[in-house]
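Colleague: Can you read through this structure? Questions will come right after.
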Amino acid sequence: MNVIYEPKGRALEYSELACNLYRGCTHSCRYCYAPAAMRTTGEKWHGNAEPRKDILRLIEKDAQKLEGDPRSILFCFLCDPYQPIERDERLTQQSLGIMAKYHLNNQLLTKGCADLILEDLELMKKAKTQLGITLCFTDDNLRQQWEPQASTVSDRFNILKTAHEAGIFTWVSLEPVIDPDQALSVIKKAYKYVDFWKVGKLNHMKEYEGRVDWKKFLFDAKSLLNKLEARYYIKKDLLAFHENSKAANRN
Ligand code: SF4
C-alpha cells in the first residue's frame, strides 16, 4: 500500500490501519509525539502543515486494494484531520468520501476546528465513521496550556453531543491523562454522549508522569466507567498498574 499503513507499538492499540493526510500539525500540543516519530523538531512540525503529496490519489489507490477488508482506517496519528488547513484543502472531507465509496471502516481522531467537524457529520454518517475526540480536560485554562491551538473543551463536548444525537458512533481518546481529577471529570460530564472510551497515561514527560499515582487513577477510572456501564479500553502501559491486568477491559 502507499499511504494507508499498519501502525506499530502503542498506535496499534488504537487502530489496525491508519493514514496521515497532512505533513505537520499546527495544534502544537506540548505532549506531541509526532516530531520525535518523524525525526524532526517541534518547531518545524508545529510551525506549518501542508497536504502530503498526491495524497488523495494514493488513498483511492489503496482503498481499491482494501475493498472488503474489515480493518478500520484511522485518520490521523501524526496530524489532526481538522486542523485549520483543512478549511482550505478539505482532504479529510474528500477522504471520507473515498471511505464511503469503497465501504471501508474508518475512524477519525481529532481535537480540531468544531465548525469543520460539524459540517462533515452527514458525510460521516454516510461513511459510517466512528468519530473520536481527544479530551483530557474540563478546565479550558489547562487545555490552553497543553493544547494551545486546538479547539476549546466546550467545543469538544458540544461536538460529542451533537454527533451522538445525529446517530454517529462517538469515542473519546482520554489520553494522555495529565491531571487525574480532570480526566475523571471528563468522563462524568460526557459519558451520556460517548459510545467508547480509550484511556492512556502520559508518557515521555517524566516530570509530570511522576506526579500522578497511576495505580489510584486506574482504580478510580475503572470504578467510574464500570459504574456508568461504559465500554472502554485501557491502554497497556496504564493497565500495567493493575494487579490483575487481564480482567481490566470492558469492550
Ligand atoms: S493534534 Fe496530535 S499531531 Fe497535532 S500537535 Fe496535537 S498531539 Fe501532535
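The values are calculated or read from the model by the stated rules, or taken from the named source; none is laboratory data. What you see is a predicted model, and the numbers here were worked out from it, not measured in a lab. When we count neighbours, we look across all protein chains shown, and the Cβ atoms used for this are built from the backbone with ideal geometry, even at glycine.
Colleague: Taking into account only those residues within the range 19-42 that are aliphatic (A, V, I, L, M) and in contact with a helix residue (DSSP H, G or I) (Cβ under 7 Å, 6 or more places away or on another chain), which is nearest to LEU104 (Cα to Cα)?
Modeller: So the first thing to find is which residues in the range 19-42 are aliphatic (A, V, I, L, M), and the list is 21, 34, 36-38.
From the residues that got through so far, the ones that are in contact with a helix residue (DSSP H, G or I) (Cβ under 7 Å, 6 or more places away or on another chain) too are 21, 34, 38.
Details: LEU21: 17, ALA34: 26, MET38: 27 Å.
Among those residues, the one meeting the criterion is LEU21.
Colleague: Now, a different point. Select from the range 22-49 the residues that are near the ligand (Cβ under 7 Å from one of its atoms), of a type outside the set (A, V, I, L, M, F, W, C) and touching a Cys at 6+ places or on another chain (Cβ under 8 Å) and list them in ascending order.
Modeller: HIS46
Colleague: Output the number of residues of the range 123-170 satisfying the condition of being in contact with a Phe, Trp or Tyr (Cβ under 6 Å, 6 or more places away or on another chain) and within 16 Å of the ligand (Cβ to nearest atom).
Modeller: Qualifying residue count for the region: 3.
Colleague: Still on this model: Taking the options SER185, SER151, SER173, name whichever one is assigned to a loop (DSSP other than H, G, I, E, B) and under 19 Å from the mean Cα position of the chain (by Cα).
Modeller: Values: SER185 fails: assigned to a loop (DSSP other than H, G, I, E, B); SER173 fails: assigned to a loop (DSSP other than H, G, I, E, B).
The match here is SER151.
Colleague: Still on this structure, please answer the following. What residue, among those in the range 68-78 that are closer than 21 Å to THR170 by Cβ and within 9 Å of the ligand (Cβ to nearest atom), is surrounded by the fewest Cβ atoms within 10 Å (Cβ to Cβ)?
Modeller: By that ranking, first place goes to PHE77.
Colleague: Filter the range 181-209 down to residues that are surrounded by fewer than 19 Cβ atoms within 10 Å (Cβ to Cβ) and within 15 Å of ASP140 (Cα to Cα), then give me how many there are.
Modeller: 4
Colleague: While we're here: Filter the range 79-101 down to the residues that are within 16 Å of the ligand (Cβ to nearest atom) and among the hydroxyl-bearing types (Ser, Thr, Tyr) and list them by number.
Modeller: Across the range 79-101, the qualifying residues are TYR82, THR92.
Colleague: A follow-up question, please. Among the residues of the range 7-21, is there at least one that is within 10 Å of the ligand (Cβ to nearest atom), touching a Cys at 6+ places or on another chain (Cβ under 8 Å) and either in contact (Cβ under 8 Å) with a residue 24 or more places away in the chain or within 19 Å of SER173 (Cα to Cα) (or both)?
Modeller: yes
Colleague: Given (1) out of contact with any helix residue (DSSP H, G or I) (no Cβ under 8 Å at 6 or more places or on another chain); (2) of a type in the set (D, E, K, R); (3) closer than 28 Å to ARG57 by Cβ, where does LYS101 come up short, assuming only one miss?
Modeller: Among (1) out of contact with any helix residue (DSSP H, G or I) (no Cβ under 8 Å at 6 or more places or on another chain); (2) of a type in the set (D, E, K, R); (3) closer than 28 Å to ARG57 by Cβ, LYS101 violates only (1).
Colleague: Starting from the range 91-116, keep only residues that are over 23 Å from ALA11 (Cβ atoms), then list their pairs with residues that are of a type in the set (Val, Ile, Thr) and modelled with pLDDT of 95 or more whose Cβ atoms are within a distance under 6 Å, requiring at least 6 positions of separation or different chains.
Modeller: Pairs that qualify, where the first residue is over 23 Å from ALA11 (Cβ atoms) and the partner is of a type in the set (Val, Ile, Thr) and modelled with pLDDT of 95 or more, are ALA114/ILE159.
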